[in-house]
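Beneath this line is the structure, given in structure tokens, with notes to follow.
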Amino acid sequence: MKDLQSVKLGVSQRKRVDATGPRVWIKNELVRVGLAESLCTYVMMVFGLGSVAQVVTGEGAFGQYLSINLGFGLGVAMGVHVGGKVSGAHMNAAVSFTMCTFGRLGWKMLPLYVFAQLFGSFLAAGTIYAVYYEAIYDYCGGNLTVTGVKATAGIFATYPAPYLSLVAGFIDQVFGTAMLLLCLLALADQKNKPAAPGSEPFAVGLLVMLIGISLGSNSGYAINPTRDIAPRVFTAIAGWGGDVFRSGNGWWWVPLVAPPIGGVLGAGLYRALVEMHHPPLSEQDERLVDEFEESASLQKQENIC
């Protein structure tokens with residue numbers, strides 16, 4: 001009788017657990033990928049744009065250029081933690097385009113990634129505008145300008161330095177994005193010296209911060225089409241007007257066109273000079289790689305479930 005009661009109690013507890021557990025979850029992989037990519041892009045952009053807003057409106061009292069680099073670098077790291085195992089946390093249309101070019105992502109997925117990144121970036125720009133609304137208006141006296149001593153449009157999108165020509169700026173963006181993708185492929189190359197398991201987000205964040213420290217002064221190192229155009233459109237709507245597209249001799253198209261070209265060049269350079277020349281693996285190394293890939297595949301299936 002006691003055993004029967006125990007069985008009934010166990011069944012009752014299981015039913016109660018099932019009743020309180022989640023009844024609805026997303027099975028469609030495209031939806032899951034889109035949501036994750038939007039959220040991780042949003043997280044990255046909130047921290048990045050927030051760091052710029054704090055430096056600009058605080059007039060140096062709450063950070064300097066280095067804090068912007070830290071904000072974007074750590075924001076990227078947090079974004080990878082948020083969506084890395086679901087969407088890969090590209091957070092950058094140039095990265096997605098390059099992955100498609102080299103067969104690491106299906107072309108049919110590119111519109112989904114681009115839309116998710118645009119949506120996350122636009123929403124992040126609106127969030128930072130709301131959070132820093134009073135600070136921005138106090139700083140500029142309510143005069144929202146793109147250029148000048150009290151310009152605030154640069155909080156949200158990138159603009160070239162006064163001395164920078166469009167040609168030089170184009171080269172700047174191509175080179176910066178090329179370095180980004182070259183190093184990303186190196187960090188992921190299991191036959192070379194990849195980032196240690198679990199440290200990938202931190203390594204990618206350090207890479208973005210390094211690019212900002214070394215290649216950021218010319219034009220703000222956008223190196224990301226969706227990161228730049230979505231906040232730029234938001235500022236045009238929010239009060240800065242058409243000057244956000246006219247400023248810098250029509251600079252707006254450079255962060256759209258140059259980064260995908262640079263991404264393909266950087267990734268192609270790494271593949272041509274390093275990845276394609278790895279010596280054949282021994283049987284033991286092949287077995288370890290197969291085990292690693294099988295483990296990653298099983299983990300992905302578990303995440304999908």
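When restricted to residues that are crowded, with 18+ Cβ neighbours inside 10 Å and under 12 Å from Ile68 (Cα atoms), segment 212-222 contains 4.
Cβ-Cβ distances below 6 Å connect the following pairs, each with a first residue in segment 247-272 that is on the phi < 0 side of the Ramachandran plot, a second residue that is part of a helix (DSSP H, G or I) and acidic (Asp, Glu), and a separation of six or more residues or different chains: Pro255/Asp228. Yes or no: Ala236 hydrophobic (A, V, I, L, M, F, W, C), closer than 30 Å to Lys193 by Cα, touching a helix residue (DSSP H, G or I) at 6+ places or on another chain (Cβ under 7 Å) and at pLDDT 95 or above? Against the criterion (hydrophobic (A, V, I, L, M, F, W, C), closer than 30 Å to Lys193 by Cα, touching a helix residue (DSSP H, G or I) at 6+ places or on another chain (Cβ under 7 Å) and at pLDDT 95 or above), Ala236 does not qualify. Counting only helices (runs of 4 or more DSSP H) that sit completely within segment 186-265, those holding 1 or more residues that are in contact with a Pro (Cβ under 6 Å, 6 or more places away or on another chain) correspond to 225-235, 243-250. Within segment 86-111, being of a type outside the set (Ser, Thr, Tyr), in a helix (DSSP H, G or I) and without any contact (Cβ under 8 Å) to a residue 24 or more places away in the chain holds for Met99, Cys100, Trp107, Lys108, Leu110, Pro111. Whether any residue in segment 57-67 is surrounded by 20 or more Cβ atoms within 10 Å (Cβ to Cβ) and either within 11 Å of the chain's Cα centre (by Cα) or in contact (Cβ under 8 Å) with a residue 60 or more places away in the chain (or both) is what I want to check. Looking for residues that are surrounded by 20 or more Cβ atoms within 10 Å (Cβ to Cβ) and either within 11 Å of the chain's Cα centre (by Cα) or in contact (Cβ under 8 Å) with a residue 60 or more places away in the chain (or both), one finds none in segment 57-67, hence no. The residues listed here are Ala130, Ala135, Ala53; of these, the one that is within 24 Å of Leu207 (Cβ to Cβ) and modelled with pLDDT of 95 or more is Ala53. Counting only residues that are of a type in the set (Asp, Glu) and in a loop (DSSP other than H, G, I, E, B), segment 145-172 holds 0 of them.
The values are calculated or read from the model by the stated rules, or taken from the named source; none is laboratory data. None of these values were measured; they are calculated from a predicted model. In this analysis, Cβ positions are derived from the backbone assuming ideal geometry, glycine residues included, and neighbour counts consider all displayed protein chains.
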